[in-house]
Amino acid sequence: MTTPTIHPVVLCGGSGTRLWPLSRKTLPKQFAPLIGNKSLLHLTLERLCSLNRNITCIASEDHRFLVREAVDKAGATGRQILEPVARNTAAAMAAAALRAGSDDLLLFAPADHHIPDTALFAQTVRSGVEAALAGQIVTFGVSPTFASTAYGYIEAGAAAADGHSRAVVRFVEKPTAAVAESLILHGGYCWNAGIFLVKAGVLVAALRAHAPDILQACERATADITADGSFDRLDREAFEACRSDSIDYAVLEKHQDIAVVRFEGNWSDVGSWNAVAALHPADEAGNRLNGKASTLRSRNTFIHAPYRPVVALGTDNLIIVDTPDAVLVASADCAQQVGDVVRMLTQGGQAEATEHRRVVRPWGAYDRLDFGDRFQVKRLTVNPGGKLSLQMHHHRAEHWIVVQGTAKATCDGQVTLVRENESIYLPLGAIHRLENPGKTMLEVIEVQTGGYLGEDDIVRFDDTYGRCPSIKTRGDAAVLPSDAAAGAGADAIAVPQMTSPPGSRVAIT
């Protein structure tokens, strides 16, 4: 018998609050380097490649380049379905199922789980194939190791004839501590891992029976897909009209024909800093350290310090997380309340609540090193073959200093190769572009000076990554999107006509 093809689908949604300050809205936990300098999404993609390298990812429009970067690094292929707004797992899974063939066997997996035993994971998934081909929705349960109140539970019933799966009796939402203890003692329950194996047509039929409004909205959203490279954009208006609900509430708790296969390996949804700490070995005093961390006369302390030395002296039961622009010090007993910190900082107008210094772009990334009144310093890293858009700024001049690699710089039509230890000046209003023509990473220090240094002071004339719509004019103004608006597909804004000021020049030093 031919082994059926399993089509992995990774659900990449997430708000990025539970693991602040490492995880933030602009860089949720699934994208942050967390384990061995790899993100959870990267590790998830590597794990799924053992089943099929052609992997579909469903992600926010805002995180599209983070997803594509992880796909490339993991050696995977496949398309990315982009959601214009977040609508939870029911809508995401519906969109993927509608884009697949009715008989395609889809494996839905969250992007933010840590499962170190790839071989056992693949073996467990394959053991659910027979039930899925028979028309069941197969979910995967994890053998519980303690009475967790952070996970949902599945009650398993009679064993199926396939010898691997059991009928699902019921789902139990996150219980109280007392209820969790009773479920563990019962022995017939497992944690709900949120991983599903199902034929696309079976899922569509289940949605039609239990959540027809979600399915109808997704049918409209997928009927007008816009393709952009490896990205498939859902229709915004139709998807925004969709109700937000999880697949558990929308379908699973109402559906009858569900099977569960138990996974006996290590699994974590990495849902708190305590869960992250548990991924690291403890010393004799219960301390768990990552990066440049150390302790002295401390107990039960976790330190995440990838950037600089962080020392805990005489501490007990603490979580310490260091990032370049924010530090968290918390009692381990409060690990589930980190989201409250994010809400407090957001209400106070702190940008660090949601944004990182380092921002990923399709050509590479930039890191905001320093800033002050009328100046800003960034470190640009441009991938081999990468190029920034052909652009200009109304309120700032720039100075690029190449510290690694060779840059191809365009300024008002003049093209210059700028090598290591050389620099180029780009006057205010000059039309310019930075490219990496080489085969190694290009690193540039960018010094910006001017009266306004916001990311929305940018006019694009040409862009390799589809962020530059056709230029329209309105009277004496050119109508173009800002940098931020272009990335989010927002409406255009009016800016003055694009001309370089008199005396624009290029200076190589």
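Within the stretch 1-31, list the residues whose amide N lies under 14 Å from a label point set 7 Å along Cα→Cβ of residue 308.
none
Treating only the Cβ of Lys, Arg, Asp and Glu as charged (+1, +1, -1, -1), what charge dipole size does the stretch 224-277 show about its Cα centre? Round to the nearest 20 debye.
Charge dipole, the stretch 224-277, about its Cα centre: 200 debye, nearest 20.
Pop the C-beta distance of residue 122 and residue 86 into the FRET formula with R0 = 25 Å and round what comes out to the nearest 0.05.
The calculated FRET efficiency here is 0.25.
Within the P(r) computed for the chain, what percentage of the Cα pairs occupies the region above 40 Å? Walk me through the numbers before you get to the answer.
Working: 39092 of 129286 pairs.
Above the 40 Å cut-off, the chain has 30 percent of its Cα pairs.
Does the stretch 273-351 come out rounded, prolate or oblate by the C-alpha gyration tensor, with a ≥ b ≥ c the root eigenvalues, rounded set by a/c under 1.5 and, if not, prolate when a/b is larger than b/c and oblate if not?
prolate
Can you tell me the relative contact order of the chain? Whole percent, Cα pairs under 8 Å, sequence separation 6 or more.
Details: 1158 pairs, mean separation 61.4, N = 509.
Relative contact order for the chain comes out at 12 percent.
Between residue 350 and residue 297, what length in nm is gained on full extension when 0.36 nm per residue of separation is reduced by their alpha carbon distance?
Taking residue 350 through residue 297 to full extension adds about 15.7 nm, to one decimal.
Whole Å is fine, so just give me how far the alpha carbon centre of the stretch 313-377 lies from that of the stretch 53-107.
Centre-to-centre distance over Cα atoms comes out at 28 Å.
Treating cross-link reach as a plain straight distance, find the lysines whose alpha-carbon is under 25 Å from the alpha-carbon of residue 378, omitting any fewer than eight places away in the same chain.
25, 29, 38, 73, 292, 387, 408, 439
For the pair residue 279/residue 340, report the inter-label distance in nm, with labels modelled 7 Å from Cα in the Cβ direction.
It works out to 2.5 nm between the two label points.
Over the stretch 234-364, what relative contact order in percent results from Cα pairs under 8 Å that are six or more residues apart?
Details: 150 pairs, mean separation 16.2, N = 131.
For the stretch 234-364, the relative contact order is 12 percent.
Quick one: what Rg and Dmax do you get for the stretch 328-427 from the alpha carbons, in Å?
Rg then Dmax for the stretch 328-427, in Å: 18.8, 60.
Describe numerically, in nm with one decimal, the distance between label points set 7 Å from Cα along Cα→Cβ at residue 445 and at residue 329.
In this crude label model, residue 445 to residue 329 measures out at 3.2 nm.
Just so you know, all these numbers are worked out from the coordinates, no wet-lab data involved. Just so it is clear, the structure is predicted and the values come from calculations on it, not from any experiment. Note that we place each Cβ from the backbone using ideal geometry, even for glycine, and neighbour counts take in every protein chain shown.
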